[in-house]
Amino acid sequence: MKDIAKRVFDIEIESLQHVAALIDDEFTNAVNAILNATGKLVVIGIGKSGLIGKKIAATLASTGTPSFFLHPGEAFHGDLGMVSSNDVVMLISYSGETDEVLRIIPFLKWNKNLIIGVTGNPGSTVAKNSGHHLNIKIAREACPLELAPTSSTTAALVMGDALAIALMECRDFKQHDFARFHPGGSLGRKLLVKVKELMRTDKLPFINEDASFTELLLSMSAGRLGMVMVGDISGIKGVVTDGDLRRALLKHPDTSTLTIADIMTADPIIIDGEEFAGKAEQLMIEKKITTLLVGSAQNKSVVGVYQIYN
């Protein structure tokens, strides 16, 4: 089974290398056409090419190129009204002779849409009727019967990714732009939400440096953060986490000899509340910690605590 998997990878990599070698000025022309269009990019395909087309349209839409997928069957029965004359239309058909796709071409010509054909046959009907043609001719399918679209759909997918990335770079599409299109879930939280919006500010646990071991335990339990801060909001000397506590107990079973200074981590990391959550979480991953103090690193003041959990 492992040999089969490796063979499939080898065949598809070979096909992608073959397609990469075919990239010419038509790719540049297609990118410029999309950049200069005043409308959207409409992606059309059916079957496996349609599934790939949906992914391409979704990638383009999320990376700054207004785009949507249109099923040719639905298009032929009324949904062509969704296509404006200033839209660019991408037709995906490996053979370039797919009936459902060919039936759309007369309308697109009448509607004066620029067509970008994505096929494996430069002499096909789709290619000949395209303003720009992207050749995805593969070396061979990974399917041993040469029937199931495998390498060919991979080639179409990667060509779509290449277009999306080229358009992103041409538009100078940045992280904050990407975040605007992904406001939900963890991605939006990391790229849009600031630390101050997620930090805990109520009932923060503080103890003095001369506090007893019992006071440390009570404060840690009351705070429910798995840590306590040594000092006060105007100046932090250190923190004691439950991990610090466990390590200290292993080294010093007799708690009567322990002081807060023995246990605490001095000079804890403090992040500004205006930083984005993504930066805070990256910092925690790098430092292998789950808690950040929020405030001013310069004067060691603290206004909140930000945590993530493994």
Would you mention how many residues in the stretch 165-184 are modelled with pLDDT of 85 or more and open to solvent by less than 60 Å² (accessible area, probe 1.4 Å)? 3
Go through (1) in a helix (DSSP H, G or I); (2) farther than 16 Å from Thr201 by Cα; (3) not aromatic (Phe, Trp, Tyr) for Asn299 and report which single condition fails. (1)
Contact list, first residue from the stretch 54-68 and without any contact (Cβ under 8 Å) to a residue 60 or more places away in the chain, second anywhere and surrounded by fewer than 19 Cβ atoms within 10 Å (Cβ to Cβ) and assigned to a helix (DSSP H, G or I), beta-carbon distance below 6 Å, six or more apart or interchain, is Ser67/Ala61
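Of all residues in the stretch 281-299, which are hydrophobic (A, V, I, L, M, F, W, C), open to solvent by less than 20 Å² (accessible area, probe 1.4 Å) and touching a helix residue (DSSP H, G or I) at 6+ places or on another chain (Cβ under 9 Å)?
First pass over the stretch 281-299, keeping only residues hydrophobic (A, V, I, L, M, F, W, C): 283-285, 289, 292-294, 297.
Okay, now just the ones that are also open to solvent by less than 20 Å² (accessible area, probe 1.4 Å), so 284, 292-294.
Those that are hydrophobic (A, V, I, L, M, F, W, C), open to solvent by less than 20 Å² (accessible area, probe 1.4 Å) and touching a helix residue (DSSP H, G or I) at 6+ places or on another chain (Cβ under 9 Å): Leu292, Val294.
Quick grid of which residues meet (1) within 18 Å of Val126 (Cβ to Cβ); (2) assigned to a helix (DSSP H, G or I); (3) of a type in the set (D, E, K, R):
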{"position": "Phe27", "(1), (2), (3)": "yes, yes, no"}
{"position": "Ala30", "(1), (2), (3)": "yes, yes, no"}
{"position": "Ala33", "(1), (2), (3)": "yes, yes, no"}
{"position": "Thr38", "(1), (2), (3)": "no, no, no"}
{"position": "Val42", "(1), (2), (3)": "yes, no, no"}
{"position": "Ser49", "(1), (2), (3)": "yes, yes, no"}
{"position": "Leu60", "(1), (2), (3)": "no, yes, no"}
{"position": "Gly64", "(1), (2), (3)": "no, no, no"}
{"position": "Phe69", "(1), (2), (3)": "yes, no, no"}
Given (1) small (Gly, Ala, Ser); (2) within 25 Å of Ile11 (Cα to Cα); (3) at pLDDT 95 or above, number of the condition Ser130 does not satisfy: (2)
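Could you list all residues from the stretch 15-29 that are within 12 Å of Ala166 (Cβ to Cβ) and touching a strand residue (DSSP E or B) at 6+ places or on another chain (Cβ under 7 Å)?
First, pick out the residues of the stretch 15-29 that are within 12 Å of Ala166 (Cβ to Cβ): 23, 27-29.
Hits for the stretch 15-29 are Phe27, Asn29.
For the stretch 67-84, name all the residues that are closer than 24 Å to Leu35 by Cβ and in contact with a His (Cβ under 8 Å, 6 or more places away or on another chain). Spell out how you get there, then give the answer.
Going through the stretch 67-84, the residues closer than 24 Å to Leu35 by Cβ turn out to be 67-70, 82-84.
None; the set is empty.
Kindly evaluate Thr214 against the criterion of being open to solvent by 80 Å² or more (accessible area, probe 1.4 Å), farther than 18 Å from Thr291 by Cα and among the β-branched types (Val, Ile, Thr). Even if it seems obvious, please write down each step before you answer.
Details: open to solvent by 80 Å² or more (accessible area, probe 1.4 Å): yes; farther than 18 Å from Thr291 by Cα: yes; among the β-branched types (Val, Ile, Thr): yes.
The answer is yes for Thr214.
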Any idea which residue in the stretch 236-291 is farthest from Phe206 (Cα to Cα), counting only those that are polar (S, T, N, Q) and part of a loop (DSSP other than H, G, I, E, B)? Thr290
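Yes or no, residue by residue, for (1) open to solvent by 30 Å² or more (accessible area, probe 1.4 Å); (2) at pLDDT 95 or above; (3) of a type outside the set (Phe, Trp, Tyr):
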site: His77; (1), (2), (3): yes, no, yes
site: Val88; (1), (2), (3): no, yes, yes
site: Ser95; (1), (2), (3): yes, yes, yes
site: Lys109; (1), (2), (3): yes, yes, yes
site: Ile115; (1), (2), (3): no, yes, yes
site: Gly123; (1), (2), (3): yes, yes, yes
Can you give me the number of residues within the stretch 131-174 that are in a helix (DSSP H, G or I), under 14 Å from Ala20 (Cβ atoms) and either more than 25 Å from the chain's Cα centre (by Cα) or acidic (Asp, Glu) (or both)? 1
In the stretch 125-141, which residues are small (Gly, Ala, Ser) and either surrounded by fewer than 21 Cβ atoms within 10 Å (Cβ to Cβ) or in contact with a Phe, Trp or Tyr (Cβ under 8 Å, 6 or more places away or on another chain) (or both)? Gly131, Ala139
Which condition number in (1) under 27 Å from Val88 (Cα atoms); (2) modelled with pLDDT under 90 is the one that Leu187 fails? (1)
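Any residue at all in the stretch 267-280 that is over 30 Å from Leu192 (Cβ atoms) and open to solvent by 60 Å² or more (accessible area, probe 1.4 Å)?
yes
I'd like to know if the stretch 233-251 contains one or more residues that are open to solvent by less than 50 Å² (accessible area, probe 1.4 Å), touching a helix residue (DSSP H, G or I) at 6+ places or on another chain (Cβ under 7 Å), at pLDDT below 85 and of a type outside the set (D, E, K, R). Explain how you work it out, then say what you get.
Here is the first cut: in the stretch 233-251, the residues open to solvent by less than 50 Å² (accessible area, probe 1.4 Å) are 235-236, 238-241, 243-245, 248.
Subset that is touching a helix residue (DSSP H, G or I) at 6+ places or on another chain (Cβ under 7 Å): 240, 244-245, 248.
Checking the rest, the ones that are also at pLDDT below 85 come to 244-245, 248.
Still in the list and also of a type outside the set (D, E, K, R): 245, 248.
Yes, because at least one residue in the stretch 233-251 is open to solvent by less than 50 Å² (accessible area, probe 1.4 Å), touching a helix residue (DSSP H, G or I) at 6+ places or on another chain (Cβ under 7 Å), at pLDDT below 85 and of a type outside the set (D, E, K, R).
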Residues (free of Cβ contacts under 8 Å to residues at least 24 places away in the same chain, surrounded by 11 or more Cβ atoms within 10 Å (Cβ to Cβ) and more than 25 Å from the chain's Cα centre (by Cα)) located in the stretch 1-16: Asp10
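The values are calculated or read from the model by the stated rules, or taken from the named source; none is laboratory data. Not measured: the values here are computed from a predicted model. Neighbour counts are summed over all protein chains in view; Cβ atoms, including those assigned to glycine, are modelled from backbone coordinates with ideal geometry. Heads up: the accessible areas ignore ligands, DNA and RNA and are worked out on the full protein's heavy atoms, side chains in. Shrake-Rupley method; radii C 1.70, N 1.55, O 1.52, S 1.80 Å.
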